[in-house]
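Heads up, the thing below is written out as structure tokens.
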Amino acid sequence: MSKSSNTGEGTASLEKAIDVLDAISAAPEGISQSELSEQVALPRTTLYRILATLNARGLVRRDPSRHVYCLGFRCVEMARQAYAMPELVSAASHELRALRDLTGETSYVGTLEGIDVVSLERYDSPHTQRSRTSHGHRKPVYATSQGKAILAALPAVERDAIVAAVRLKAHTEMTITDRRRLVAELRVVASRGYAIDDEENVLGTRCVGAAITDAHGVVRGAISVAGPAYRLTHHRLELLGPELVAAARHIGALLTPLRRAGESTGDAVTPTSAPTALYGAHPVWSPERQALIWADTLAPALRISSESGGEQRVQISHPIRCLLVTAQGIRAFHEAGSTLVDADKKRPPPDTDRVLLAACVGAEDIIWVSSLQARKFQIGILHDDGAFTSKWSLNHAVDGLRFDRTTGLLFGTMPDTGDIIVLNPSRKEVRTFARVPKSSGVLSGLDVDNEGGVWVALRDGWSAMRFAADGNLDQTVPLPVPCPTGIAVGGVDGKTLFIATARQPVPLDVLKKAPLSGSLFRLALTA
């Protein structure tokens, strides 16, 4: 057992002490001095002196009732100082207890250290047979649910570097050892938000995990629930996955945000002087009025916020579902029909008896709308007389719609799937432009900037995203609030991003961390 044969005399005693600590740590129930002497192959007198020193320094302790040695609390303190991340452990504690109580299985929080995941804290299952990975234990990033969840949430450059560096060694017959298969699995994890370890690290043990990201999108760690495979069936893991994703989001919201290297400070995102809304939504920039038109959907009011800081407010009698803003006026659609505001009486915006989900003005002042009729979601043209011509029929709701005048293309958002779709008015096909995993937030708002970049707001995601014209993620803008609900490009020069947010759905404990919830924000866009 001794490793001191090739070392100098000055380190021989240290090597022997480390051998003793290794042997004691491998016996969680404790080990007697005679058993220890056999394992480390040391004379009893030498072993006695080492144990006495380690005991005096608190690195080991002797249980007098059972006459065995265990690791001392000083070892626990040292391990916690190395890996504790007190903010992460503290923020995760409530959710870990709740997951343990909800599932009856052991819950964990861990973080990435190099190419391994280090266990920081656990809450034990009440069952006799349970998962019991110790604090500070290192697990392979590619063979655990925590590790795969973290990898899937990392920026592509970081993820690819780790996947290329890690040696895919088989820990069980279920371990993924093919790099292409691992990459494919990470795509699935990114899409659904949670990862599964199907006896890949320890035979007979399954677990499900989700990554923890803070308000700036920085991956801070992951949580998981683990237990015997016969209790954690595949069906049960699929049911638990969304619960883990929700818990990870709550933990991330409590963390002090970090910034990635080279990332802008985000201080340019500032609240405007407009009063806060319960549920701000549907922002549209009106060049004719040089103002932002938006709505508070729950304390129903149409709001017209000018660049100079003034605001006009028009009370609406019912919760607002959709706004149609044209050069001739504004029409607010709600459950009782619609309300006309600031309109040209000669040619007001068209009305309809359809349930509208989104609307925008296209080329030649064509009105494009997304609607629900007879349980079908349709996108088409709303004519001046209220008639509707359907162009596309879809299985999921499209609640964001914007027209890009440069390309002549129509963009839409599908919150249920996380898809941003692109539509060519001269064709019938519907193409997926980009996809946002649900773990990043719910699509809630859409606009196109002067360079063809597509902006979306991510409700429950604390951020807004810009996708370049090729559909690749180009920029993530962190926000100080969890629920951005709408987005609009405007301003005098068309280089201001407006972001509407909500206050009403934010839990009280999160609201303390995000007191600006419900504000209208602005961000100066760079060329």
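The values are calculated or read from the model by the stated rules, or taken from the named source; none is laboratory data. None of the values given here were measured: they were computed from a predicted structure. We place every Cβ from the backbone using ideal geometry, glycine too, and count neighbours over all the protein chains shown.
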Selection count, the range 44-66, where residues are in a loop (DSSP other than H, G, I, E, B) and out of contact with any helix residue (DSSP H, G or I) (no Cβ under 8 Å at 6 or more places or on another chain)
3
Being within 15 Å of GLU15 (Cα to Cα) and touching a residue at least 40 places away in the same chain (Cβ under 8 Å) is true for just one of LEU51, LEU42, LEU47. Which residue is that?
LEU42
Among the residues of the range 116-130, is any modelled with pLDDT under 90, over 25 Å from PRO257 (Cβ atoms) and among the hydroxyl-bearing types (Ser, Thr, Tyr)?
yes
Restricting attention to the range 395-435, and to residues there that are over 21 Å from ARG375 (Cα atoms) and among the aliphatic types (A, V, I, L, M), which single residue is modelled with the lowest pLDDT?
ALA434
Do any residues in the range 329-347 that are under 14 Å from LEU292 (Cα atoms) have Cβ atoms under 6 Å from those of residues that are acidic (Asp, Glu) and loosely packed, with under 13 Cβ neighbours inside 10 Å, where the two are at least six apart or on different chains, and which pairs are they?
GLY329/ASP344
Looking only at residues in the range 186-197 that are surrounded by 18 or more Cβ atoms within 10 Å (Cβ to Cβ) and without any contact (Cβ under 8 Å) to a residue 60 or more places away in the chain, which one is farthest from the chain's Cα centre (by Cα)?
ASP197
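For ASP474, indicate whether it is among the acidic types (Asp, Glu) and farther than 24 Å from LYS391 by Cβ.
In short, yes.
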The strands (runs of 3 or more DSSP E) lying wholly within the range 365-414 that contain at least 2 residues that are among the aliphatic types (A, V, I, L, M) and either more than 32 Å from the chain's Cα centre (by Cα) or surrounded by 14 or more Cβ atoms within 10 Å (Cβ to Cβ) (or both) are 367-373, 376-382, 409-414
Can you tell me which condition LEU59 does not meet? The list is (1) within 25 Å of TYR142 (Cα to Cα); (2) among the aliphatic types (A, V, I, L, M); (3) touching a strand residue (DSSP E or B) at 6+ places or on another chain (Cβ under 8 Å); (4) at pLDDT below 90, and all the others hold.
(1)
Only one of VAL341, VAL284 is under 21 Å from LEU497 (Cα atoms) and in contact with a strand residue (DSSP E or B) (Cβ under 7 Å, 6 or more places away or on another chain). Can you tell me which?
VAL284
For the range 23-38, which residues satisfy the criterion of being without any contact (Cβ under 8 Å) to a residue 40 or more places away in the chain, part of a helix (DSSP H, G or I) and not aliphatic (A, V, I, L, M)?
GLN33, SER34, GLU35, SER37, GLU38
Return the residues of the range 468-494 that are of a type outside the set (Gly, Ala, Ser), farther than 27 Å from ILE251 by Cβ and not in a strand (DSSP E or B); say none if nothing qualifies.
ASP470, ASN472, VAL492, ASP493
Which condition number in (1) among the acidic types (Asp, Glu); (2) in contact (Cβ under 8 Å) with a residue 12 or more places away in the chain; (3) out of contact with any Phe, Trp or Tyr (no Cβ under 9 Å at 6 or more places or on another chain) is the one that GLU200 fails?
(3)
Select from the range 306-337 the residues that are touching a strand residue (DSSP E or B) at 6+ places or on another chain (Cβ under 9 Å), surrounded by fewer than 22 Cβ atoms within 10 Å (Cβ to Cβ) and part of a strand (DSSP E or B) and list them in ascending order.
SER306, GLU311, GLN312, ARG313, VAL314, GLN315, ARG321, THR326, GLY329, HIS334
Can you name the residue in the range 134-168 that is in contact with a Phe, Trp or Tyr (Cβ under 7 Å, 6 or more places away or on another chain) and part of a loop (DSSP other than H, G, I, E, B) and, of all such residues, is farthest from TYR230 (Cα to Cα)?
VAL166
Any idea which residue in the range 495-525 is farthest from GLU307 (Cα to Cα), counting only those that are part of a loop (DSSP other than H, G, I, E, B) and out of contact with any strand residue (DSSP E or B) (no Cβ under 8 Å at 6 or more places or on another chain)?
PRO507
